[in-house]
Amino acid sequence: LTRFARSPGMGAFAYSEEEGTPAAEYEEQLDQELREYRRDELISLQQGIGESWARSMYGKEIDVLVDGVTEDGELFGRTQWDAPDIDNIVFLSESEDTTVPRLEVGQMRRCRVTGRSVFDLEAAPVS
């Protein structure tokens, strides 16, 4: 398989001939440059959709599973829509409200989206 490209909610591969598949036997195959161009165009379109989605999430409350801590000590998690190590990340900060319990890895917490970085979200717990 060729290089994998990823964007929120979608991944795309440039077509490759897989041994034993009917399409691999077709005499007329597209050249690699056209395959990669089409993949990149698809990813570009999806990136715009992903950016719009991330912007639309600002201020909303979502459930976040706290997955771990980055090398920089920042907590991160994922929403109910995201698969680990594949989809978007939610970077977490502690609540400014001292009555809200601190975040712990393994918890499912209700959080408010406070920002974004292209596709990933930033959030803080509300309860």
- [ ] Please name all residue pairs, on different chains or six or more residues apart, with Cβ atoms under 7 Å, provided the first residue is in segment 56-71 and is small (G, A, S) and the second residue is outside any helix (DSSP H, G or I).
- [x] G59/R112; G59/V113; G68/F76; G68/V105
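Just a yes or no: is a residue in segment 53-67 over 22 Å from V126 (Cβ atoms) and surrounded by fewer than 13 Cβ atoms within 10 Å (Cβ to Cβ)?
Looking for residues that are over 22 Å from V126 (Cβ atoms) and surrounded by fewer than 13 Cβ atoms within 10 Å (Cβ to Cβ), one finds none in segment 53-67, hence no.
What number of residues within segment 82-102 satisfy the criterion of being of a type in the set (A, V, I, L, M) and part of a strand (DSSP E or B)?
Residues flagged as of a type in the set (A, V, I, L, M) and part of a strand (DSSP E or B) within segment 82-102 amount to 2.
So for segment 64-81 (the condition being part of a loop (DSSP other than H, G, I, E, B) and in contact with a Lys or Arg (Cβ under 9 Å, 6 or more places away or on another chain)), does at least one residue qualify? So that I can check it myself, show each step before the final result.
Quick first cut of segment 64-81, residues part of a loop (DSSP other than H, G, I, E, B) only: 70-74, 80-81.
Still in the list and also in contact with a Lys or Arg (Cβ under 9 Å, 6 or more places away or on another chain): none.
Scanning segment 64-81 turns up no residue that is part of a loop (DSSP other than H, G, I, E, B) and in contact with a Lys or Arg (Cβ under 9 Å, 6 or more places away or on another chain).
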Open item on the list: I need every pair where a residue in segment 78-100 that is hydrophobic (A, V, I, L, M, F, W, C) has its Cβ under 9 Å from the Cβ of a residue that is open to solvent by 60 Å² or more (accessible area, probe 1.4 Å) and not in a loop (DSSP other than H, G, I, E, B), sequence separation at least 6 or different chains.
Closed with: I86/R6; V90/E122; F91/E122; L92/E122
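The values are calculated or read from the model by the stated rules, or taken from the named source; none is laboratory data. It should be emphasised that the depicted structure is a prediction, and the values quoted were computed from it without experimental measurement. All Cβ positions, even for glycine, are placed from backbone atoms using ideal geometry, and neighbour counts span all protein chains on display. Calculation scope for accessible area: heavy atoms of the full protein, side chains included, ligands and nucleic acids excluded. Shrake-Rupley method; radii C 1.70, N 1.55, O 1.52, S 1.80 Å.
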